[in-house]
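Written below as structure tokens is the structure these notes are about.
The values are calculated or read from the model by the stated rules, or taken from the named source; none is laboratory data. Here the structure is a predicted model, which means the values were calculated and not measured. Please note: Cβ atoms are built from the backbone with ideal geometry, for glycine as well, and neighbour counts cover all protein chains shown. For accessibility, only protein heavy atoms count, side chains too; no ligands or nucleic acids. Shrake-Rupley method; radii C 1.70, N 1.55, O 1.52, S 1.80 Å.
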Amino acid sequence: MSATAADPRVTAARKAPKRRMRVSWSDPRFRALVWQFIILGIVGGIVWYLVFNTNKNLAARHIATGFAFLHRVAGIPIGESMISYEPSVDTYGRALWIGVLNTLKVAGIGMVLATILGTLIGIGRLSGNWLMAKLTGFYVEVMRDIPLLLQLLFWYTALQGLPAPRQAWRVAELMDGATFHLFHETFANWQFGSGMLLSNRGSRIPILNWEPADNWILAAFVVGAIGTFLWNGHANRRQEATGIRPKVWPVAFGLLLVLPLAVWAGFGAPLNFEIPTLRGFNFQGGGTISPEYFALLLGLVLYTAGYIAEIVRSGIQAVAQGQWEAAGALGLRRGAILRHIVLPQALRVVIPPMTSQYLNLTKNSSLAVAIGYQDVVSIANTTLNQTGQAVEGIAVIMAVFLTISLSISLFMNWYNAHIALVGR
Amino acid sequence: MVGFGRWSAKTVALAGMVAAWAVGGSALTPARADGTGSATLDAAIKRGLVQCGVSGQVPGFSLPDSQGVMRGLDADTCRAITAAALGDANKVKFVPTTAQNRFTALQSGEIDVLSRSTTWTLGREGNLGLEFAWVNYYDGTGFLVKKSSGVKAAKDMDGATICVQPGTSTELAIQDYYRLHNMKFTPILIQELSEIQAAFLSGRCDAYSTDASALATFRFSQGPKAADLVLLPDIISKEPLGVMVRKGDDKWFDLVRWTFAAMIIAEEKGITQANIDTFADSKDPDIRRLLGLEGDMGKALGLDNRFAYNVIKAVGNLGEMWDRNITPMGVPRGINNIWTHGGLQYAPPMR
């Protein structure tokens, strides 16, 4: 220590002097350590007791235990799967993995769609337009007040009300009114509209037959995207330097749309869709969205969007009125104020409750079992039933949801910290 | 709670049972010296009730009638076992179980016996800690289709969409059949029986598959619309539907097994619910032992010597049980007859 005492206003507060811990009850550090050991011991003891007792009880009841069943051939049929699955050779482990992917498929897309729809409705509730505000308010109340399971069963039943494959609705025919005449004329030539089919077996959509020319079109699009990104950066720098922002949209339009279209035309405008056709019991070819998946996605998105709308609305209203007025005084229009001033500030209020909604949506997806969509709960239930290993089956379900939920929480917390107000 | 329905309650119950294993003590305490030698029977006597797991949803097997009384072959099986155990068939408590939670319910002791159209397989006896005491219906997996589909046989169904309940032996049987015949199908798996039947009727599936018996009774329950539905002639698997008990309680297993034997012997001898009292002075030693008039047959099982009398008085012989529950559904008895009439039901001698 130097002779001159440090000014506490300039340097940091003085550190507490370091002392050796004494093995005495009067030393708070020793007390804390003892308590932590005791609590750790109690928790560990309880966990050990639960595991030991479960194993003892299962053994006494002659019930098989362990996770060896994951390597056994499953033999259970699975309706829809994102990876190949052959029941006669694939294992329960793979079947469960398919369930996890199916859960992620509905939860991931559901989160994106619910966020978009919820944000639009939340903004709509604040609209000056009386009809818009009332309609979106009505939507929020209806969706939040009806149990989700009921909504899922409603959508599933409604989708089953669609005609059988042989009488499937063709979207082009539905659109054959005067309004859509032009659309029909344009797309019927490419057999596009006539290939979109709605039946109780699901929505069949034509999928593009991938050809070499399509690779070039994709390459042109990627080049365009990179170009647009660079131009945007250039525009930012120019704006900072001169205060005048060069227009971005004409460049983006040219690079992202005109360039790929030109490449496409250069290859002779090829466009081949794989059109679904009725063969035997069902349509073959094309892509499909099963009624089970569609009903679950629809139910989850519409239901969760109701909650998200309220979160967005409260977030926007949490931004002080002065922000609107100050931005208005600078001459910004309402849309620009919302995009550049209010929404970025609202985001800080919105993110934490939004995390809860994402977690809810993911967990609610386990209601899939009621309408026959094979998510991880459905497949784990079947597995535990066929193998008789209920403890392991429930453990798998818990582990999967814990992992997914913790991942969502971690990401959202990171994002929350990322956008947090930085004190300057 | 918003968003949590029946399914959730069932899963919570399942998770609860699992938790009970974790925190609960072992229920398999050795029988008391003054007891019957069966922990399950002792508990049932103390409770004054036999808890019997049924489906409660399948006509002909177990379904409450307009008075709320559980009717059907599985329900009468419960009554017969209760009559043997407690002497009074009314002391039965029917516990509805799903295809998914039935084994857990029996393992955890929530029910004493499972009589729910459950197929006897090696996997179930080997892994579950449960065993089959008798078969009350020899069945097989069948297909129900709509007449308008024009399907005549299971072989026509390549590429079909099939509605089936998950967690059943049916889903495995269909998978095996399609694998064997190198065909493909799309399964629609819904746990709730009424939901899967609705999906079939709405045309979501080309076929509804389960045990042929349940298909026949489901078709029957459609009333005038039954004519639109066709039961395919193919039976693609063996499905002996049995009555399950926990392993490790052999006395209780014996009780269930000999309840069936008693009903079969009664049918062999022409003893019915109505005429049983006229056999009180029978000279036939088999009948005298069956009715507890001589020998200590019941005592050997830890029961009253008149246990078989109580069973037959309560539900009749095996044939009566069939005629009361299955015949109205228009299903012929076939291999479910007793052995003297060309069926598979054969009872070992009671002596």
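Matching residues to (1) touching a helix residue (DSSP H, G or I) at 6+ places or on another chain (Cβ under 9 Å); (2) open to solvent by 40 Å² or more (accessible area, probe 1.4 Å); (3) aromatic (Phe, Trp, Tyr); (4) under 30 Å from residue A:361 (Cα atoms):
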residue	(1), (2), (3), (4)
A:30	no, yes, yes, no
A:33	no, yes, no, no
A:40	no, yes, no, no
A:46	no, yes, no, no
A:54	yes, no, no, no
A:59	no, yes, no, no
A:63	yes, no, no, no
A:95	yes, no, no, yes
Worksheet entry | Residue satisfying all of: in the range A:364-405; open to solvent by 20 Å² or more (accessible area, probe 1.4 Å) and closer than 20 Å to residue A:87 by Cβ; nearest to the other protein chains (Cβ to nearest Cβ) among these | A:386
Practice prompt. Please state which one of A:76, A:63, A:98 is among the β-branched types (Val, Ile, Thr) and within 28 Å of the chain's Cα centre (by Cα).
Written response: A:98
Item to complete: Take the range B:159-176 and flag every residue that is in contact (Cβ under 8 Å) with a residue 40 or more places away in the chain and within 9 Å of chain A (Cβ to nearest Cβ).
Response: B:160, B:161, B:162, B:163, B:164, B:166, B:167, B:168, B:169, B:174, B:176
Worksheet item: Of all residues in the range A:97-111, which are open to solvent by 10 Å² or more (accessible area, probe 1.4 Å) and among the hydrophobic types (A, V, I, L, M, F, W, C)?
Response: A:97, A:100, A:101, A:104, A:109, A:111
Fill in: Positions within the range B:291-333 being at pLDDT below 95, closer than 17 Å to residue B:71 by Cβ and not in a helix (DSSP H, G or I), in sequence order
B:326, B:330, B:331
Response to the item:
residue B:253 passes all but one of the listed conditions (1) open to solvent by 20 Å² or more (accessible area, probe 1.4 Å); (2) over 30 Å from residue B:129 (Cβ atoms); the exception is number (2)
Item to complete: State whether one or more residues within the range A:401-409 are under 27 Å from residue B:124 (Cα atoms) and in the same structural domain as residue A:96 (by TED's automatic domain parsing).
Response: no
Worksheet item: Say we look at the range B:259-290 and pick out the residues that are among the polar types (S, T, N, Q) and not in a loop (DSSP other than H, G, I, E, B); which of these is most open to solvent (accessible area, probe 1.4 Å)?
Response: B:278
Discussion item. Regarding the range B:118-133, can at least one residue be identified that is within 13 Å of chain A (Cβ to nearest Cβ) and aromatic (Phe, Trp, Tyr)?
Written reply: no
Discussion item. Tell me yes or no: at least one residue of the range A:341-361 is open to solvent by less than 40 Å² (accessible area, probe 1.4 Å) and within 12 Å of another protein chain (Cβ to nearest Cβ).
Written reply: yes
Discussion item. Residues that are within 14 Å of chain B (Cβ to nearest Cβ) and polar (S, T, N, Q): does the range A:115-126 have at least one?
Written reply: no
Discussion item. So if I check each of B:214, B:153, B:198, which one is under 22 Å from residue B:74 (Cα atoms), open to solvent by 10 Å² or more (accessible area, probe 1.4 Å) and among the aliphatic types (A, V, I, L, M)?
Written reply: B:214
Response to the item:
When (1) more than 14 Å from chain A (Cβ to nearest Cβ); (2) of a type in the set (Asp, Glu); (3) open to solvent by 10 Å² or more (accessible area, probe 1.4 Å) are applied to residue B:239, the one that fails is (3)
Worksheet item: Of all residues in the range A:54-77, which are within 7 Å of another protein chain (Cβ to nearest Cβ) and either among the aromatic types (Phe, Trp, Tyr) or in a loop (DSSP other than H, G, I, E, B) (or both)?
Response: A:61, A:62, A:63, A:64, A:75, A:76, A:77
Worksheet item: Which strands (runs of 3 or more DSSP E) sit wholly inside the range B:140-258 and have at least 1 residues that are polar (S, T, N, Q)?
Response: B:141-146, B:161-164, B:186-189, B:207-211
Worksheet item: Restricting to helices (runs of 4 or more DSSP H) lying wholly in the range B:6-92: which have 1 or more residues that are among the β-branched types (Val, Ile, Thr) and either surrounded by fewer than 24 Cβ atoms within 10 Å (Cβ to Cβ) or modelled with pLDDT under 95 (or both)?
Response: B:6-23, B:39-47
Discussion item. For the range B:223-255, give me the residue count where each residue is of a type in the set (Val, Ile, Thr) and at pLDDT below 95.
Written reply: 3
Practice prompt. Go through A:89, A:73 for me and flag whichever is surrounded by fewer than 21 Cβ atoms within 10 Å (Cβ to Cβ), over 21 Å from residue A:202 (Cβ atoms) and in contact with a Phe, Trp or Tyr (Cβ under 9 Å, 6 or more places away or on another chain).
Written response: A:73
Worksheet entry | Selection count where residues are touching a residue at least 24 places away in the same chain (Cβ under 8 Å), on the phi < 0 side of the Ramachandran plot and more than 11 Å from chain A (Cβ to nearest Cβ), scope the range B:79-105 | 17
Discussion item. Please count how many residues of the range A:300-332 are closer than 12 Å to residue A:113 by Cβ and not β-branched (Val, Ile, Thr).
Written reply: 4
Worksheet item: Which residue pairs have Cβ atoms closer than 7 Å, lie 6 or more positions apart in sequence or on different chains, and pair a first residue in the range B:177-189 that is within 7 Å of chain A (Cβ to nearest Cβ) with a second residue that is polar (S, T, N, Q) and surrounded by fewer than 19 Cβ atoms within 10 Å (Cβ to Cβ)?
Response: B:179/A:88
Practice prompt. Check residue B:247 against each of (1) closer than 28 Å to residue B:124 by Cβ; (2) open to solvent by less than 20 Å² (accessible area, probe 1.4 Å); (3) charged (D, E, K, R); (4) within 14 Å of chain A (Cβ to nearest Cβ) and name the one condition it does not meet.
Written response: (2)
